[in-house]
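> A single structure is presented below for examination.
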Amino acid sequence: MSINQEEGPNYFSRYLWFSGFVAIVFLGLWSRLWYLQITHGEEYGRKSMENILKNVDVRPSRGRILDVKGRELANNRPSFDLYFNPKTFRRKKTEALDLLPIAKILDLSEDELNDLAAKSRKKNIAFLLEKDLSRAQLASIEALFESIPGIEIRTSSQRTYPFHSVTAHILGFVSEIGSGDLKRLDSFGYRRGDVVGRDGIEKAFEPVLRGSPGLDRIVVDARGLEQHSDEDQRFLEGEFQPVGMIPGRDVHLTIDIELQLIIDKVLKDYPSAGVVAVDPTDGSIRALYSKPAVNPNAWSSRLASFEKRRADQDPFKPLMNKAVSAYFPGSVFKVVAALAALEEGEMVVEDHVHCNGGYHFGDRRFRCWKRSGHGSMNVETAMQRSCDVYFYNVADKMGTDAISEYGKMLGFGEKTGLVIHERAGRMPDKKWYTDHHPDGFTPGSALQIVLGQGDVVATPLQVALAYAAISNGGKLYAPRLVDQITNDDGNAQFSFTPELRRELDVSPKNLEIVRNSLWMATNQPGGTSFRHRPIEFEVAGKTGTAQVHTFGKERIRNKEKAFQFRDHAWFASWSPADEPRLALVVFLEHGGSGGGNAAPIAMKIYREYFGGNESAHVEKKIGKKEAEDE
Amino acid sequence: MNKGTLFEKFDWVFLLFVFALATLGIVNLHSASQSVHGFDVWLNQLVWFGLGCVVITAMFFVHYKYFKEFAYVAFGFVILLLIAVLIFGTELNGSRRWLNLGVFSFQPSELMKLGVILFTARYFDDKNQSESWSLAQLFIPSVIVGGGIFLVLLEPDLGTSLVILAIYGTMVLFEKVKLTALLTLVLIGLLTLPFAWNFGLKEYQKDRVVSFLRLDDDAYGNSWQVSQSIIAFGSGRVTGKGHLEGSQIQKGFVPEHENDFVASNWGEEHGFLGMGLMLLLYFLLISWSLRISTYAKDRFAAQIGVGFSAMVFWHATVNLGMVMGLLPVVGLTLPFMSSGGTALMTLMIGVGMVFSVSSRSKVESRG
C-alpha cells in the first residue's frame, strides 16, 4: 500500500455521472432491441423466413415423341443458360467495364453491354442473358465466376429433334410462349419462359406432351442458391403442401422413321415433294413426308426469328406440308371414274372404246395424251395405259355429279380426320360450279374432272387413303397417326384404335376389276409404270401427270418449262399387289411425269423398305420404249 | 512495493469481465464464421486473445509511471505511423488504413486511440490543474489531438476519427471545463457541420447518411445490410434462434457479419436476453474501469481508466447504434466481438494499462 497520503484528484461525481450516462445509453439501446425483438419480433421473424424460403415452380419435362418402334423423334436435352443476378452485382458495384469479358464471349455490342449494365442496376431479380450456351462459351464463362460476381449458369430443357427436317412437318416445333399467348394460357399454368407447341404433333398434343407443373418450396441463401443440407430442411416444416409435378406423357406415332428416312434419301434429286405411306389394313400412317422442310431444332431455339425469315423467302415453301396440301391429282384420279362407271353400269368390262387420240365434245376436241391413240380400250387396259379418250367417254355418259359422288365416297373433297393440320381439297359438283365458278356449270367440266384436272384438287394423303381403301376391299379409314400415349413409367394411358370412316358402297367384283387394272399398269407390258416394276414383289399402282399450265396448243417438253410451270408427277400404289401391306403415294411438285419420275421413286422406296438396302437397283429394262409416259 | 501487495491488489473482477466478454465474442465468432470461410475465424481470434493475455501480463508488471514517461513519445510514434500509412499504406476499398510490415499488417489508426489516451492523460497530469479549464487552456492539447484525428480522417477512416474525438472529449469532460468554453465548443461544432458535410465527407459517406435517414427506400442499396441486420435482430425475438441457428447470418444475408455487424449474429441467435447480457457486460467493464478514477493516486492513472472506458463505450455504442439502424453506418468494430487482430490487441493493451494502473492505486478512498 502506498504511504503517500497526497489526495488524488476528485473524480467521484463525474464517475457517477458518466456511469449513469452509460447506463442510460445502454438502456436506450436495449429499448431499441425491445422494439425490434419483442414488439416487432414476429414480423421480423417472418421476414427472415421469407429471405430463405423460395417458392419454385417445378416445370414438367415435356413428353417425348416416338415412332412406331419406340425410336425418339423428339426429346429434351439440357440447355445451359446464362443468368445475371443484379443483387450480387450492385453490392459489388459492378460497372459495365467489369462485364467486358462476358460481352466478348457472347459477342455483344457496346450498346448491348451498356443496356446490360443499366439493367443490372435497376432490376432486383436474376434475369436471362443468353440461352443455350455453346460448350466453348460455357467453359469460358465458368472461368469468370470468381472475377464477376452475380453471373449464374442455370440449366433448362431444350427441345431437340434427332431427325431434324425429316420429321419436321409431322412434329412441328415448340417456341417460347409470347406475351399474347401468356395472357390466354396463364390460367393453364403457363409461365414466362415455358415453351408451347406451335405446329404438328407438338401443337395438337400440347396438353398431353406438356404435363402439369408442380409447386415446391426450397431453402436458399443470400445469393439465391438452393441449400440442400438436411439441417436446412427444417425450415420447410409447416403448413406448406407441395404440389406434385406430372411429367409430360410420351406420344407414340404410327410413323416408321426408317421409311421416313428412306423417302428422304430417295428424293434427294427432287426439290419439292410430298409422300404418304399408309398401312391399308388399319389406316396407320407409316410415313408422312414433305420436302423441303425447316430444321425444327433451329426453330425451337434462339435462332428462330432468323430461320423464320429464311423460310418465308424460300420459293419451295418449306413451311407447307405437301403431303396434306391439295394439288391437281391428274390420272391417279381415274380410279374414281373407273369405279363409278362400273358401279353405275355405264361400262362393263367387256365394253370397248376406240381411242384415236381425241374425243369430240360439242364443238371442242379433247385430246388423249397419246396423240396417235391407244386403239381399242376396255376399262382395264384404259387404266393400265391411262387412256384419256376412254374416260372422256365415261365422263360424257355420267356427268359431273356422278363422278363427284364417287370421288366424295372415296374421300376426296373432305378432310380425312388427320390430327395435324390438313387441307380438304376440292371435289366439285354441279352445285359447286353454279355457286363458285366464274363461268357457272358447263357440261364439259366432267371431261376435265375425270382426268383429275380442272377444278378437282386432292392431297397426297387423300389419294393414299383412297388407294388403300381400294386395295383392302373397300374400307376407307381415317388416318391413324398416333398409336398410343404412355406416361413416364411407360404404361399406356390411351390407345388410338383404327377408325373406319366408311365401307365403300361398291360391289367386290368391280373393286376387283379396278385392282386388277392397277396391277396390269405395273405388271403387264404397256402399263404406265411397267418398266420400273420391282422383281422381288408386285406393286399395283397408277401414274399421274397433272398439268399445271397450258401453253396454247403447243406441247412444250417439261424440262424446257420454268420450274413453277412444270407438271406435277404422281404415283399412287400399294404393295404387295395381292396382299397389301403398304399403300404409297409419291407426289413430286413440278416433278415431271408420273411414269418417268414418280413411279421410279416409289419403286425405290418399296425396294428399300421391303428388302432392306441390299437389294439395290434392280431396274427392269424391258418395255422401256413402250412406256413413253402418259 | 513488493510483488505480494501487487498481486493482492490485482483486479480479479476486471479480469473476469474481460474474459467474459472475450469468451462471448469468440463463441459468437464460432457461429458467425461457421459457414463462410475455409479457415476458422474464431480460432484465429482465440490465438490473438491468447497473445493479448501475454501482453496484459507483461504490462501488469510495468509500473504505469513508465507509461506516463513515454506517453508523448508513444503519441509521436503513432503520428509517424499515421503519416507512414498515408504514404506506404495498402489501399483497400478506396482507403489507406493498413501498414504492411511483411510479417503482419496492422492499422495505426487503432493505436491512435491509445496514443490519444496516453497523451491526454499525461497532459492533464502535467498541468495538474484543479480549477476549471478555459478555452484558451484547452487550445494546445486540442490542436495536437486534432492533428492526430486529422491524419486518421485522411485515410479516410471516419468512424475511428469520431471515436478518437469522443474519447478525447470524454477525458476533457472528466476535468473541470468552464461553462463558457463548453458552450463555445458546441457552437463551433454546429457551425462546422455544414462545412464538414460539403467538404469533409466522401460521397460514399454521404450516401450512407442519406440512406440511413430513408431506411426503407432502397432495400437493396446502401442500407441493404442495415435492413438485413435489423431483420436478424428482430427475428431473434426473446431468446434467440440458438447457436449456429441464425439463418440471416448463416445464409449470408448480413455482410460484414464477422466484423462491424457481428452483433447481429449474437442478437439473432441469443435474442433480447442475450443482447441484455452483452450490454450488461459492457456496462460492468466500462464502469469498473471508470471506477479507477475514484481511487487513483494521480490524474494520469485516473485518466487511463477514463480513456479505456470511453474507448469501449463509444465503440460499443456507435457500433450497436449502427447495426440496429439508429446511427448511420460509419464502419466501426465492436470491442471484443469483432474479428481482427489489431482491434483486439489495441483493446488488450488498453486492458494491460488499466491493470497496471489499478494495481498500483490506493485502496478505495471513497464509496
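The values are calculated or read from the model by the stated rules, or taken from the named source; none is laboratory data. Note that this is a predicted model, so its numbers are computed, not measured. Don't worry about glycine lacking a Cβ; one is built from the backbone with ideal geometry, like all the others, and counts go over all protein chains shown. For accessibility, only protein heavy atoms count, side chains too; no ligands or nucleic acids. Shrake-Rupley method; radii C 1.70, N 1.55, O 1.52, S 1.80 Å.
> Please compare each pair in A:322/A:415; A:268/A:559; A:334/A:475; B:113/B:251; A:291/A:370; A:334/A:604 to a cut-off of 26 Å on the Cα-Cα distance and tell me which ones are over it.
Long pairs (Cα-Cα over 26 Å): B:113/B:251; A:291/A:370.
> Suppose we keep just the alpha-carbon trace of the stretch B:139-183; what are its Rg and Dmax in angstrom?
Rg then Dmax for the stretch B:139-183, in Å: 11.6, 34.
> Another question, if that's okay. Points 7 angstrom from Cα along the Cβ direction at residue A:241 and residue A:363: gap in nanometres?
Spacing of the two 7 Å Cα→Cβ label points: 8.5 nm.
> Within 10 Å, at most 12 other Cβ atoms, and a DSSP state outside H, G, I, E, B define an exposed site. Report the longest part of chain A free of exposed trypsin sites (Lys or Arg not before Pro).
A:372-552
> What do you get when you divide the Cα radius of gyration of the stretch B:233-350 by 2.2 N^0.38 Å, with N the number of residues?
Numbers: Rg = 15.7 Å, N = 118, 2.2 N^0.38 = 13.5 Å.
Against the compact-globule rule of thumb, the ratio is 1.16.
> Once you treat every alpha carbon in the protein assembly as shown as an equal point and sum by Debye, what is log10 I(q)/I(0) at q = 0.07 Å⁻¹?
-0.73
> How much net charge surrounds residue A:348 when only other residues with a Cβ under 13 Å from its Cβ are counted (Lys, Arg +1; Asp, Glu -1)?
-4
> Of B:197, B:48, which has the most accessible area with a 1.4 Å probe, and how do the rest follow in descending order?
Putting B:197, B:48 in descending order of accessible area: B:197, B:48.
> Give the residue list of GluC sites (Glu not before Pro) in the stretch A:130-199 that are DSSP loop and have at most 14 other beta-carbon atoms within 10 angstrom.
A:146
> Let me ask something else. Measuring with a 1.4 Å probe in the full set of protein chains, what accessible area per residue, in whole Å², belongs to the protein assembly as shown?
On a per-residue basis, the protein assembly as shown sits at 44 Å².
> Over the stretch A:430-587, how many percent of alpha carbon pairs lie in each 5 Å bin up to the one with the longest distance?
P(r) for the stretch A:430-587, in whole percents per bin: 2, 7, 12, 14, 16, 15, 13, 9, 6, 3, 2, 1, 0, 0.
> Kindly identify the stretch B:36-135 as rounded, prolate or oblate by the Cα gyration tensor criterion: order the square roots of the eigenvalues as a ≥ b ≥ c, call it rounded if a/c is under 1.5, otherwise compare a/b with b/c, prolate if a/b is larger, else oblate.
oblate
> So, one more: What is the distance in Å between the Cα centres of the stretch A:510-542 and the stretch B:132-177?
115
> Determine, from the Cβ-Cβ distance of residue A:431 and residue A:212 and an R0 of 60 Å, the FRET efficiency 1/(1 + (r/R0)^6), rounded to the nearest 0.05. Don't skip to the end; give the middle numbers.
Numbers: r = 48 Å, r/R0 = 0.80.
Calculated transfer efficiency: 0.80.
> Still on this structure, I have one more. In the stretch A:47-73, which residues give up 10 Å² or more of accessible area once the other protein chains are added, compared with their chain alone (1.4 Å probe)?
By number: A:47, A:48, A:51, A:52.
> Once the whole set of protein chains is in place, how much accessible area is left on residue B:277, using a 1.4 Å probe, in Å² to the nearest 10?
For residue B:277, the solvent-accessible surface is approximately 80 Å².
> How well do other chains shield peptide B:281-293, expressed as the mean number of their Cβ atoms within 10 Å of each residue Cβ?
Per residue, the number of nearby Cβ atoms from other chains is 3 on average.
> Given the C-alpha centroids of the stretch B:270-344 and the stretch A:265-344, what is the distance between them in whole angstrom?
Their Cα centres are 86 Å away from one another.
> Once phi is turned into θ = phi - 60°, what whole-Hz ³J(HN,Hα) does the Karplus curve with 6.51, -1.76 and 1.60 give for every residue of the stretch B:277-285, x standing for Gly and Pro?
For the stretch B:277-285, the Karplus curve yields 4, 5, 5, 4, 4, 4, 4, 5, 4 Hz.
> Let me check something: with ligands and nucleic acids excluded, how do A:281, B:90 order by accessible area (1.4 Å probe), largest to smallest? Present the calculation step by step, with values, prior to reporting the outcome.
Working: A:281 85, B:90 65 Å².
Per-residue accessible area, sorted high to low, gives A:281, B:90.
> Quick one: give the max-minus-min coordinate of the C-alpha atoms of the stretch B:3-358 along each principal axis, largest first, in Å.
If we take the Cα atoms of the stretch B:3-358, the spans are 55, 55, 42 Å.
> In addition: Enumerate the amide H contacts of residue A:533 below 5 Å, restricted to partners 5 or more residues apart or on another chain; note that Pro and chain-start residues carry no placed amide H.
The list, which skips near neighbours in sequence, is A:620.
> Given H placed on each backbone N at 1.01 Å, which residues far from residue A:484 in sequence or on other chains put an amide H within less than 5 Å of it?
Those lying under 5 Å, H to H, from residue A:484 are A:252, A:496.
> Loop only per DSSP, at most 12 neighbouring Cβ atoms within 10 Å: give me the GluC sites (Glu not before Pro) in the stretch A:447-551, ordered by residue number.
Answer by residue number: A:499, A:536.
> Residue by residue through the stretch A:401-418, what is 3J(HN,Hα) from phi via Karplus (6.51 cos²θ - 1.76 cosθ + 1.60, θ = phi - 60°)? Round to whole Hz and write x for glycine and proline.
5, 5, 5, 4, 4, 6, x, 5, 4, 7, x, 6, x, 9, 5, 7, x, 5
> Name the residues whose placed amide hydrogens come within less than 5 Å of the amide hydrogen of residue A:478, ignoring near sequence neighbours (fewer than 5 apart) on the same chain.
A:499, A:500, A:501
> Applying 1/(1 + (r/R0)^6) with R0 = 25 Å to the Cβ-Cβ distance of residue A:164 and residue A:313, what FRET efficiency is obtained, to the nearest 0.05?
Efficiency computed from Cβ-Cβ geometry: 0.80.
> Hey, if you put +1 on the Cβ of every Lys and Arg and -1 on every Asp and Glu Cβ in chain B, which of B:56, B:344, B:332 ends up farthest toward the positive end of that dipole?
After comparing all options, I get B:56.
> Please work out, to two decimal places, the log10 of the ratio I(q)/I(0) at q = 0.07, 0.13 Å⁻¹ from a Debye calculation in which every Cα of the stretch A:257-611 carries one identical scatterer.
Taking Cα atoms of the stretch A:257-611 as identical point scatterers yields -0.29, -0.99.
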